[in-house]
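Let me begin by presenting the structure, written as structure tokens, before commenting on it.
We did not get these values from a lab; they are worked out from the coordinates using the rules stated. Because the structure is a prediction, the values reported are computed rather than measured. Here the Cβ positions follow ideal geometry from the backbone for every residue, glycine too, while neighbour counts run over all protein chains shown.
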């Protein structure tokens, strides 16, 4: 039995090592390919440059950084209240049988390919924005709405798990002091679960900032700093996805350099999620 356990332990160790090695190799590959352009242009100029013109040897990704932040911020503004509200509803207010049915729909929402979300945005959301605001429709707002829908499953599932993990003693103590059910939810349960809720929001943000296909289809892909939520925008992921197919030489390395910046963003978000206290109520 001990020999069997050692074999299982070795297999698990090898699995963990392969996973870590994969991350290390990807990191090395991206940095190795993209760093020469950053070194040539200069990190500050590369990040703060407002013009992206590969044919002229000009590489500034500031518009794409702002575009990614604008679309992601809009998605969080729209998606977080809905996601947390749905999590509270499923965990505290609805019949467990109905909650299971709704969760099945949420899980299905998580499994829909991003290109389908893009098609929905292209055929429904973009024409609606075009009709209401009398513009081209491809905009920060369109991207934010679609991304808000896409991040809902992450926020709902993580937040619901955090709310359900709050000890029943918290609820009972609050109710015994004369609080209503809603007051207990608002003043005790949700604050006690805030660490898990924050982690869900951060993971949802990572999902939004890393999305490519849906954003390419509905955001307009203009490499300019957006002036409003109705402006066309290009994100970091969109920039890589659009141009990598035909880029070569220094242009291709500039796209890898863009990937380095995106990689750093995602790593910082994941690190932030891991730094959030895991203990309920902490």
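Some values worked out for this structure:
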item: Whole-angstrom gap from the range 203-236 to the range 106-128, using each part's C-alpha centre; result: 15
item: Most to least packed among 227-237, 179-189 [average Cβ atoms within 10 Å]; result: 227-237, 179-189
item: Sequence-separation-based contact order of the chain, relative, with Cα cut under 8 Å and 6+ spacing, percent; result: 27
item: Degrees separating the helix 250-275 axis from the principal Cα axis of the chain, which is the longest one; result: 20
item: Percentage relative contact order, the range 1-70, counting C-alpha pairs under 8 Å, at least six apart; result: 17
item: Tensor-based shape of the range 14-90 (alpha-carbon gyration tensor, a/c under 1.5 rounded, otherwise prolate or oblate); result: oblate
item: On Cα atoms only, tilt of 194-209 relative to the major axis of the chain in degrees; result: 30
item: Candidates 208, 148, 16: whichever shows maximal mean-square fluctuation once the chain is modelled as a Gaussian network with Cα springs under 10 Å; result: 16
item: Most fluctuating residue given options 245, 259, 118, as computed from a GNM of the chain linking Cα atoms under 10 Å; result: 245
item: Fluctuation leader among 224, 203, 108 - the chain, Gaussian network, Cα springs under 10 angstrom; result: 108
item: Acute angle (nearest 10 degrees) that the helix 140-164 long axis makes with the longest principal axis of the chain, alpha-carbon atoms; result: 30
item: Cα centroid of the range 256-270 to Cα centroid of the range 39-84, whole Å; result: 11
item: Per-peptide average of other Cβ atoms within 10 Å, ordering 57-67, 33-43, 18-28 highest first; result: 57-67, 33-43, 18-28
item: Net lengthening on full extension, residue 110/residue 3 (0.36 nm per residue, minus Cα-Cα); result: 34.4 nm
item: Rough spin-label spacing in nm, given labels placed 7 Å along Cα→Cβ, for residue 161 and residue 274; result: 1.7
item: Cα shape, the chain, gyration tensor, a/c 1.5 rule; result: oblate
item: Mean residue ellipticity (222 nm) of the chain, computed from DSSP H runs ≥ 4 via -39,500 (n - 2.57), nearest 500; result: -23000 deg cm²/dmol
